[in-house]
1. State in Å² the accessible area per residue of the stretch 279-330; use a 1.4 Å probe, count heavy atoms of protein chains only, and round to the nearest integer.
2. Expressed as a whole number of Å, what is the distance separating the alpha-carbon centroids of the stretch 61-129 and the stretch 420-452?
3. Mind ordering 138-151, 259-272 by average Cβ neighbours within 10 Å, highest first?
4. Taking the Cβ of F452 as the center, what net charge do the other residues with Cβ under 10 Å away carry, scoring Lys and Arg +1 and Asp and Glu -1?
5. Could you tell me what percent of the accessible area of the stretch 33-145 is made up of carbon and sulfur, with a 1.4 Å probe and every protein chain present?
6. Hey, any idea what % of the stretch 219-316's accessible area is carbon plus sulfur with a 1.4 Å probe?
7. Given the pairs K232/K390; K94/K143; K421/K445; K94/K134; K78/K196, which are separated by over 19 angstrom at their Cα positions?
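The values are calculated or read from the model by the stated rules, or taken from the named source; none is laboratory data. No experiment lies behind these values; they were computed from the predicted model shown. Cβ atoms come from the backbone with ideal geometry, glycine included; neighbour counts cover every protein chain shown. SASA here: full protein model, heavy atoms, side chains in, ligands and nucleic acids out. Shrake-Rupley method; radii C 1.70, N 1.55, O 1.52, S 1.80 Å.
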Amino acid sequence: MPKKILICVAIPINAPGIHYDLEIKEIEGLVNKSDGFFSVIPNIVKTHSELCQNLSTHKPEIIHFIGHGTESGLALQKSDDGKKDIVSNERLAKTFEKYSFVECVYLSACNSIKPAQFIAQHVNHTVGMKGVIKDFVATKFTKEFYYYLTENRASDYDKAWQHVIDMREFLKEDAEDGNNIDKLNHLKTEPILFKKEEIEKINLKPLYEQKTAKYLKPYLQIIFSENDRNEKNYTFEAWSNVVSDNKSHVRSFDSVSSDKFEALVLDVLEDILEQIQQQDIESQLLLEFFLPNELLNLPIENYCPPDCSPIGTNHNVIVRSLNRVKNIHWLSSCQKYWKYNKKNLHLSANICSIKLKNFDFSSDIGCDFFDNLENEDNNTSFLILTSPPKDIVLNKLIEEGIPAMLWFRNESYQELEILEKYMSEQYLVDFPNIVRMTRKRILRKYKNIGSFSLLWDDIERLPITIVHLANKELREANVAQHSENYLAL
């Protein structure tokens, strides 16, 4: 049985015209010389449904698409008026997922790199064009691609693509020798080959991984994120690894004002504590609050259930910067940083901490300090600000600094003395517990629990929504980098 080449020509009435006749004739002429190894089926495909119908009817091994491409998909026609309808990259991927018999898709279309990447998730070989391509250049590329296949009576799409690349380089050298600027400009377009096996390597394994929830100590994660519809209110989400139905999501509310925070937190905490008691879990509960930077000074540790002491004395309470854990660049660098410095977590907290008192961050020394934090070789494990930092300083440290940091919200040397006492007896890995014990001691001694915040961005624990978001963005970045690597060859 000959391998079928289905030519799909798609030209919406409101899109620029394409001189496709010569391109089809080149393919037909080469196929006729292949001694029956290939057959060709030319077709005008108007709509997405017609494309699917042709695929189901003919079951081709090779799809040759002639038309227009964009960053967001391929241009077909709307069924009602014949005007341009962009079939999205996601829809293209789902379409080709259904047709496993397709071995190769060749997109002879301008700006078809993104569509090719998505199609390549389900097709072994997909060729897309980087940039705008002139009709005669498209015809030349097509001729060389099918010349190799038909001449060798083979389905070696890698070598056919490489044959096109070699021909393109030859034409560029010839144009350079003849100082033919127009020809050189036309040859800027480059066919890029995407292989399913390479895309699978990117997609198969999550790029960001954290420990399975059941292997972590009990935690309750609460997210207060900015609400798109109401700048004054926030979205509330709660996650935990101790919920009895094995679903980590606990509760969510769409629009919450800041004066409702305490009641919501205490209500969710009560539910989680009941489940911990039912499951007979003995480990200390960790309360993590993912907050926008403007809320990081919120005295959450002072939230107090009826007839109980504040939550900061009974549970390990930490804050985390929502702004930066949602930033994939920071997340990637933090993952490396945390792994590199993890050995320091098992050293004395007193040894591993840098304590800065009345430190002038606007001075030359302060600038040098910031530069050191940004240095890849920096091995600072923990930072304590013994004086209340200004907002601009705190934001700068959060944006560029280390994952773990404690700062005082007012001047209090008695609190610092108690903190340092516990630090001398504990390892840095236990710092959330050190802070809890410090607050408990301060409560007994001064009838309050102090005024300091602990930022502890251990990336082994992230809400699943942030993990999914990070993997989606990292995967897209890696696929884009994958195509750039092809360009560098």
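1. Details: 2070 Å² over 52 residues.
That works out to 40 Å² per residue.
2. Between the Cα centres of the stretch 420-452 and the stretch 61-129 lies a distance of 60 Å.
3. Per-residue Cβ counts within 10 Å, averaged per peptide and sorted highest first, yield 138-151, 259-272.
4. Computed value for this residue: 0.
5. Looking at the stretch 33-145 in its full context, I get 49 percent from C and S.
6. The computed percentage sits at 42.
7. Details: K232/K390 23 Å; K94/K143 29 Å; K421/K445 14 Å; K94/K134 29 Å; K78/K196 30 Å.
Distance filter (> 19 Å) returns K232/K390; K94/K143; K94/K134; K78/K196.
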